[in-house]
Amino acid sequence: MKITEIDAFQMSWAENDRPSQRSAFVIIRTDEGLAGIGEASPMQGGLASLGIIHNDLAPMLLGQDPLDHAVLLDRAMHTLIKLGPDGALTGALAALDIAMWDLKGKATGLPIYKLIGGAWKTALPFYASIGGNGERSPDEVVRIVEERLKDQPSAIKIRFDNKRTNLDTDLAGDIAKARVVRQLVGEGFPLAFDANNCYTVGGAIRVGRALEELGYWWFEEPVQHYHLRAMGEVARALDITVSAGEQTYTLPSLNDLINAGVRMVQPDIVKMGGITGLLRCAALAHAHGVELVPHQTQPVIGHTANLHVVASLLQNTKPVEWNDPSARMHPPFKNPPVPISGLFHLSESPGLGLTIDETELKKRRRELIRGVDNDGR
Ligand code: CA
């Protein structure tokens, strides 16, 4: 099987949305008439990753066998390493890896979870991930959590999403919001708190102790992600599980985070390595006795790819993340993932198991503005 086309484009989810608000998709087509779909991290609309796919990766991959994905993408990573291994390049490679796994499934007639060794379970509970709580009043936080409880999550995570340039702006206010959520859901319900990197070490330890008192399950990204030692210091100082890793892009960086003392890591399938990369992260985390609970906020492709990997994990200690319960990204797919009674079910269809509605996809796709080469083409 040979790759004949790599189609990188943005997907628009609302009329008049800005390019920075869109998703970044890739479709790989082959000489056998098969097509696989993937997506890159949508930071700033994923335009940087899509540009790298179109300009740099597609010329290297056309004519190659997509079943050689690990060799092809590791070679591409090392050839293009000076583009920077963190972020845009790894997002581009992740999108292609997911699309090639989708193709592998379609070529063999098997779902991805079968190809990676089988699923411990094919129905997976989720936690509702609720962002933007830094700006809300405690009453507003309670209202939005109440709303998301209707989806029957197994746990709730409240994210603060404050500006990363301001640290420790309202520790008492943040603790008060954690407290009202605990009062709302009752004592036994699993809760998580995501600081989105906005505390100092001292601020994080103070909030973390309050979360321990309130019986929270984990405390996510308390300090700046690039301060590995500080992240580790907070993790070691607290009894509550401290998690990090959604802004980690390579396996050695994840290893550094674990060595710093973090005991729950959260790499993201659309940011680093795709399915191949996340499986490598799982092996690393397992070798260290560290929990792997992937970060995932993309509701269809990223989410489905993530489910295939999470289902295959030996130790699956937390529910999967579900960020966006709206159906706004569903129309281009005939069978987008939707939970039933609090569980996402993996499809037995080949590859990711997603069926594309070509008409709806065409309506929403937005072309990249192509660079003009020296010949003016
Ligand atoms: Ca987070």
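Overview of results
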read-out	value
Three semi-axes of the equivalent ellipsoid, the stretch 114-156, Cα gyration tensor, whole Å, largest first	32, 11, 5
Extended-chain gain in nm, criterion 0.36 nm per residue less alpha-carbon gap, Leu368 and Ser154	73.1 nm
Amide H contacts of Gly261 (H built 1.01 Å from N, under 5 Å, at least 5 apart or other chain)	none
Size of electric dipole in the stretch 277-377: Cβ of Lys, Arg +1 and of Asp, Glu -1, about Cα centre, debye, nearest 20	220
For the stretch 77-91, Karplus couplings with θ = phi - 60° (6.51, -1.76, 1.60), whole Hz, Gly/Pro x	4, 6, 6, 9, 4, 6, 6, x, x, 9, x, 4, 5, 5, x
Environment charge at Pro299 (Cβ cut-off 12 Å; Lys +1, Arg +1, Asp -1, Glu -1)	-2
Spin-label pair Val71/Thr317, simplified geometry with 7 Å Cα→Cβ offset, distance in nm	3.7
Inter-label distance, nm, simple model (7 Å from Cα along the C-beta direction), Asp170/Val338	3.6
Angle in degrees between helix 301-311 and the longest Cα principal axis of the chain, rounded to the nearest 10	70
Nearest-0.05 FRET efficiency for Glu5 and Leu83, computed from C-beta distance (R0 22 Å)	0.45
Cα-centred dipole magnitude for the stretch 1-79, charges only on beta-carbon of K, R (+1) and D, E (-1), debye, nearest 20	200
Helix-only [θ]222 nm of the chain, DSSP H runs n ≥ 4, -39500 (n - 2.57) each, per residue, nearest 500	-11000 deg cm²/dmol
Semi-axis lengths (Å, descending) of the ellipsoid that matches the C-alpha gyration tensor of the stretch 215-303	21, 14, 12
Under the Debye formula (equal points on every Cα, no solvent term), log10 I(q)/I(0) of the stretch 56-103 at q = 0.26, 0.28, 0.30 Å⁻¹	-1.00, -1.14, -1.28
DSSP beta bridges in the chain [antiparallel fraction, %, rounded to 5]	50
Long-range amide H partners of Gly351 with built H, under 5 Å	Gly105, Lys106, Leu110, Ile112
Proportion of all alpha-carbon pairs of the chain beyond 37 Å (%)	19
J(HN,Hα) series, the stretch 129-141, from Karplus relation 6.51 cos²θ - 1.76 cosθ + 1.60, nearest Hz, glycine and proline x	9, 10, x, x, 7, x, 7, 7, 7, x, 5, 5, 4
Cα coordinate range in the stretch 126-218, projected on the principal axes (Å, largest first)	34, 24, 22
Taking Ser12, Ser41 and counting other C-beta atoms within 10 Å, the order from fewest to most	Ser12, Ser41
Cα-derived Rg to Rh of the stretch 309-362, Kirkwood definition	1.00
Ranked packing of 72-78, 272-278, most packed first, by mean Cβ within 10 Å	272-278, 72-78
Shape category assigned to the stretch 22-108 from the gyration tensor of Cα positions, a/c cut at 1.5	oblate
Estimated vicinal HN-Hα couplings, Hz - the stretch 40-54 in sequence order (Karplus 6.51, -1.76, 1.60; Gly, Pro = x)	9, 3, x, 4, 6, x, x, 4, 5, 5, 5, x, 5, 4, 5
Charged-residue dipole, Cβ positions (Lys, Arg, Asp, Glu), the stretch 103-215 about Cα centre, Debye nearest 20	660
Distance in nm between pseudo-label sites at Asp161 and Phe189 (7 Å out along the Cβ direction from Cα)	2.0
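Just so you know, all these numbers are worked out from the coordinates, no wet-lab data involved. The structure presented is a predicted model; accordingly, all values stated were derived computationally and were not measured. Positions of Cβ are backbone-derived with ideal geometry, glycine not excepted, and every protein chain shown enters the neighbour counts.
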